[in-house]
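Below: the structure, in structure tokens.
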Amino acid sequence: MKTLILSLITILTFSCQNNAQNKNSKKQLDITTTKPIEVPLENGLAKAYFASGCFWCVEAIYESVNGVTEVYNGYSGGHTKNPTYESSNTGRTGHAEAVEVIYNPKVVSFKTLVDIYFASQNPTQANGQGNDRGSQYRSILFYQNDTQKQIIETKKNALAKQLGAKIAAEVYPFQKFWLGEDYHQDYEKRHPEHPYIQNVSIPRLNHFKRKMPSVLKK
């Protein structure tokens, strides 16, 4: 629900959706038995997958990073095929809003992408970021091999120790990224005056830029 002022009807609707999400929480990926799928390099470029709240926000953050060539918005982490924005928002598909980050590993490492991931969110908030709440907005890092999994777990454990709090982000073996609808792509660039972009996306992006200026494109 990408709005800052919720009507009574929206609040009631959200409550119903949240109940549905809780009832379907057991339908997520079985991370104890599922093997990750590794996406091969293409033209020297690699792909990484993250979920961290609204994908409009996450897209803009990663596109500001040196070595990242493109970011696509979509859905991952669920148990249904061909999820849509509308279906994922019900909480019944298990999918979260996610991004596909296409990057040059000679310029920016997967480890740095993970550092960026945690630096650009509230790592202790479960099932959402800010006012975007629900399983479709939960935080997930997807790994494609054991090396990536170790990088994620090491960072997550160090951050938990540093903050003295539980880190909410889930860690899943990558299986499938479902590309989102065309109108969700490059949303911040195409709709800079949108109230959500002005009040949520841009402040979140600027907060990240202040924390990690060394990784930004010149």
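For the reader, a short list of remarks on this structure follows.
- Residues of the range 94-111 that turn out to be more than 21 Å from K35 (Cβ to Cβ), of a type outside the set (D, E, K, R) and assigned to a loop (DSSP other than H, G, I, E, B), as a count: 5
- Whichever residue in the range 198-218 is farther than 16 Å from S52 by Cα and touching a residue at least 24 places away in the same chain (Cβ under 8 Å) and, among such residues, is farthest from the chain's Cα centre (by Cα): K218
- Reported count of residues in the range 201-218, each being buried (at least 16 other Cβ atoms within 10 Å of the Cβ) and either among the acidic types (D, E) or modelled with pLDDT under 95 (or both), is 0.
- For the range 160-182, the set of residues classified as touching a residue at least 60 places away in the same chain (Cβ under 8 Å) and among the basic types (K, R) consists of K176 only.
- Helices (runs of 4 or more DSSP H) (entirely within the range 1-91) containing at least 3 residues that are within 17 Å of L205 (Cβ to Cβ) and modelled with pLDDT of 95 or more: 55-63
- Boolean, G128 is surrounded by fewer than 15 Cβ atoms within 10 Å (Cβ to Cβ), at pLDDT 95 or above and on the phi > 0 side of the Ramachandran plot: no
- Criterion violated by N82 - all others in (1) of a type in the set (S, T, N, Q); (2) under 24 Å from S214 (Cα atoms); (3) out of contact with any helix residue (DSSP H, G or I) (no Cβ under 6 Å at 6 or more places or on another chain) satisfied: (2)
- Residue within the range 48-70 that is β-branched (V, I, T), in contact (Cβ under 8 Å) with a residue 60 or more places away in the chain and under 23 Å from T124 (Cα atoms) present: yes
- Top-ranked residue of the range 80-104 - restricted to ones that are under 19 Å from L141 (Cα atoms) and charged (D, E, K, R), ranked as surrounded by the most Cβ atoms within 10 Å (Cβ to Cβ): E97
- From the options V171, V114, V108, residue that is modelled with pLDDT of 95 or more, among the β-branched types (V, I, T), within 16 Å of the chain's Cα centre (by Cα) and buried (at least 20 other Cβ atoms within 10 Å of the Cβ): V114
- Single residue of the range 142-167 satisfying the filter (among the hydroxyl-bearing types (S, T, Y) and surrounded by fewer than 18 Cβ atoms within 10 Å (Cβ to Cβ)) that is farthest from E100 (Cα to Cα): T154
- For the range 102-159, a residue qualifies if it is free of Cβ contacts under 8 Å to residues at least 40 places away in the same chain and of a type outside the set (S, T, N, Q), and the qualifying residues are D146, I152, E153, K156, A158.
The values are calculated or read from the model by the stated rules, or taken from the named source; none is laboratory data. Just so we're clear, the structure is a prediction, and the values are computed from it rather than from any experiment. Note that each Cβ is placed from the backbone with ideal geometry, even for glycine, and that neighbours are counted across all protein chains shown.
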